[in-house]
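Any read-out appearing in this document is the output of simple, stated calculations on the displayed coordinates, not a laboratory observation. No experiment lies behind these values; they were computed from the predicted model shown. Here the Cβ positions follow ideal geometry from the backbone for every residue, glycine too, while neighbour counts run over all protein chains shown.
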Amino acid sequence: REKIILDVDPGHDDAVAMMMAGSHPSVELMAVTVVAGNQTLDKTVKNALNVASVLGLKDVPVAAGMSRPMVREQIIADDIHGVTGLDGPKFDEPTVQQDPRHGVDLIIETLMGSDGDITIVPTGPLTNVAMAIRKEPRIVEKIKRIVLMGGSYQLGNVTPSAEFNIYADPEAAHVVFSSGRPIVMMGLDLTRQVRCSSQVIERIGAIGNRVSKLFVELMEFFSKTQEEIFGWDAPPLHDPTTVAYVIDPSIFVTKPMRVDVELRGEHTYGRTCCDYFGVTKKEPNAQVAVTLDLDRFWDLLEACIRRYS
Ligand code: BDR
Ligand code: CA
């Protein structure tokens, strides 16, 4: 079993990442830490608790982390995820309670108490992970690896250059990418290949359990806003690719690259500058996902959602 800390900003696709992490037998979900990102922290925490309650994650601590980025002013993605950050479904009162610890401390405690066998899986801005590294530098060698959704070696989605999770806190992303720990980057180049079509929504809906129902409600809203903003006929399902990679890396093809985060560019702030061709001769610091076997990805997602009775 792969032990993971899932660091999220739910977020429609974050919720799907939680669905996969919460049910697959080869994942041991140690903690869910929440960060501001798609919406403000109060909302992303509420959403995480709501989703955890539907999934029945009773024994997994869910803690609130950072409410603001490290340096830049805050941005949110309400255009994609709505005023709640998770528009679409209606939730009952959550049965999962918030853990009283700060998310950054929960990351530190969980890692310090480990044998160095925990993977961090961030699907939001990297503020919590970077703050944990700065607050307790000894965690760095305890991190097995970081499998994150963020960045792009081609085009961005909030600016022509930058992807949302990195742009929302580039300084934090810099701390993570320069940490020296193994990083797997699921960027937009990969996630734009993972398009949640109406056939996929129907297929998952046909499972007919409470989680598949939540998936359908989430994806119906997400499809609408993604089409309005980007013109996609089917939205890219970014965040679950991280958990899928942890479960079965053989679904993906990655390429080692040197990734540096642009912190000073006027038009390129928050860009992940990925040395695809190795022209700088700098030592690669990340495995960057390039392609995947889509059939196997959707099969895995379906299998995860079927596990909820
Ligand atoms: C990322 O930004 C968020 O809106 C999504 O949840 C995903 O993590 C995609 O750029
Ligand atoms: Ca996210």
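Amide H neighbours of residue 7 under 5 Å, counting only residues 5+ apart in sequence or on other chains, H built in-plane at 1.01 Å?
Amide H to amide H, under 5 Å and 5 or more residues apart or across chains, residue 7 pairs with 33, 121, 123.
Would you calculate, for the chain, the mean residue ellipticity at 222 nm contributed by helices, counting each DSSP H stretch of 4 or more residues as -39,500 (n - 2.57) and dividing by all residues, to the nearest 500? Please list the in-between numbers first.
Values: 12 runs with 116 residues, N = 309.
It comes out at -11000 deg cm²/dmol, rounded to the nearest 500.
How big is D, in µm² s⁻¹, for region 186-288 by Stokes-Einstein at 37 °C and 0.692 mPa s if Rh is the Kirkwood radius over C-alpha pairs? Don't skip to the answer; put the middle values down first.
Details: Rh = 16.0 Å.
For these conditions, the coefficient is 205 µm²/s.
Among the listed pairs 255/282; 43/224; 3/58; 255/281; 3/135; 58/224, give every one whose C-alpha distance is greater than 25 Å.
Values: 255/282 14 Å; 43/224 21 Å; 3/58 17 Å; 255/281 15 Å; 3/135 22 Å; 58/224 32 Å.
Checking Cα-Cα distances, 58/224 exceed 25 Å.
Tell me which GluC sites (Glu not before Pro) from region 260-309 have a DSSP coil assignment and no more than 10 other beta carbons within 10 Å of their own. If you can, show how the numbers build up before the last one.
Values: sites: 262, 266, 302; in loops: 262, 266.
Of the GluC sites (Glu not before Pro), the ones in loops of region 260-309 whose Cβ has at most 10 other Cβ atoms within 10 Å are 266.
Which is farthest toward the positive dipole end of the chain among 156, 139, 5, measuring Cα position about the Cα centre, with Cβ charges +1 (Lys, Arg) and -1 (Asp, Glu)?
It is 139, whose Cα lies furthest towards the positive end.
Summarise the long-distance tail of P(r) for the chain by giving the % of C-alpha pairs beyond 32 Å.
In whole percent, the share of Cα-Cα pairs in the chain beyond 32 Å is 17.
Filter the GluC sites (Glu not before Pro) in region 71-154 down to the DSSP loop ones having no more than 12 other Cβ atoms within 10 Å, then list what survives.
On the way: sites: 73, 109, 141; in loops: 73.
Filter output for region 71-154: 73.
Report the dimensions of region 72-193 along its three principal axes from the alpha-carbon atoms, largest first, rounded to Å.
41, 40, 30 Å, listed from the longest principal axis down.
Quick one: order 229, 166 by neighbouring beta-carbon count within 10 Å, fewest to most. Show your work: numbers first, answer last.
Details: 229 13, 166 32.
Lowest to highest Cβ neighbour count: 229, 166.
Taking the Cβ of residue 26 as the centre, find all other residues whose Cβ is under 10 Å away and add up their charges (Lys, Arg: +1; Asp, Glu: -1). Walk me through the numbers on the way to the answer.
On the way: positive: 1; negative: 2, 28, 248.
Here the charged neighbours net out to -2.
Compute the signed sum of charges (Lys and Arg +1, Asp and Glu -1) over the other residues within less than 12 Å, Cβ to Cβ, of residue 87. Intermediate values should be presented prior to the final figure.
On the way: positive: 43, 90, 224; negative: 78, 79, 217, 220.
Local net charge: -1.
Is there a quick way to get the dipole size of the chain? I mean about its Cα centre, with the Cβ of Lys and Arg at +1 and of Asp and Glu at -1; what is the value in debye to the nearest 20?
Working: 31 positive and 42 negative charges, 126 e Å.
Result for the chain is approximately 600 debye, rounded to the nearest 20.
Sequence-distant or interchain residues sharing an amide H contact under 5 Å with residue 183, placed H: which?
Amide H neighbours of residue 183: 146, 287.
Once the other residues with Cβ under 13 Å from the Cβ of residue 191 are scored (Lys, Arg +1; Asp, Glu -1), what is the net sum? Write down the numbers at each step before the final one.
Values: positive: 192, 195; negative: 13, 14, 163, 189, 239.
So the environment of residue 191 carries a net charge of -3.
Just flag the trypsin sites (Lys or Arg not before Pro) in region 228-280 sitting in loop per DSSP whose Cβ has no more than 10 other Cβ atoms within 10 Å. List each step's numbers first, then the result.
Working: sites: 258, 264, 271; in loops: 258, 264, 271.
Listed in order of number, the matching sites are 264.
According to the Kirkwood expression over distinct Cα-Cα pairs, how big is the hydrodynamic radius of region 1-132, in Å? List each step's numbers first, then the result.
Working: mean 1/r = 0.0689 Å⁻¹.
When all Cα pairs of region 1-132 are included, the Kirkwood radius is 14.5 Å.
Relative contact order for the chain using alpha-carbon pairs under 8 Å, separation at least 6, rounded to a whole percent?
On the way: 713 pairs, mean separation 62.4, N = 309.
Computed value for the chain: 20 percent relative contact order.
Highest mean first, how do 191-200, 209-218, 92-101, 31-40 rank when packing is the count of other Cβ atoms within 10 Å averaged over residues? Let's see the in-between values first.
On the way: 191-200: 17.9, 209-218: 19.6, 92-101: 13.8, 31-40: 28.0.
Ranked by mean Cβ neighbours within 10 Å, highest first: 31-40, 209-218, 191-200, 92-101.
By per-residue mean of other Cβ atoms within 10 Å, what is the highest-first order of 287-300, 151-164, 237-250? It would help to have the intermediate numbers written out before the result.
Numbers: 287-300: 17.4, 151-164: 19.9, 237-250: 23.3.
Going by the mean number of other Cβ atoms within 10 Å, highest first, we get 237-250, 151-164, 287-300.
Can you tell me the order of 182-189, 132-139 when each peptide is scored by its average per-residue count of other Cβ atoms within 10 angstrom, highest first?
On the way: 182-189: 22.8, 132-139: 17.5.
In decreasing order of mean packing, 182-189, 132-139 become 182-189, 132-139.
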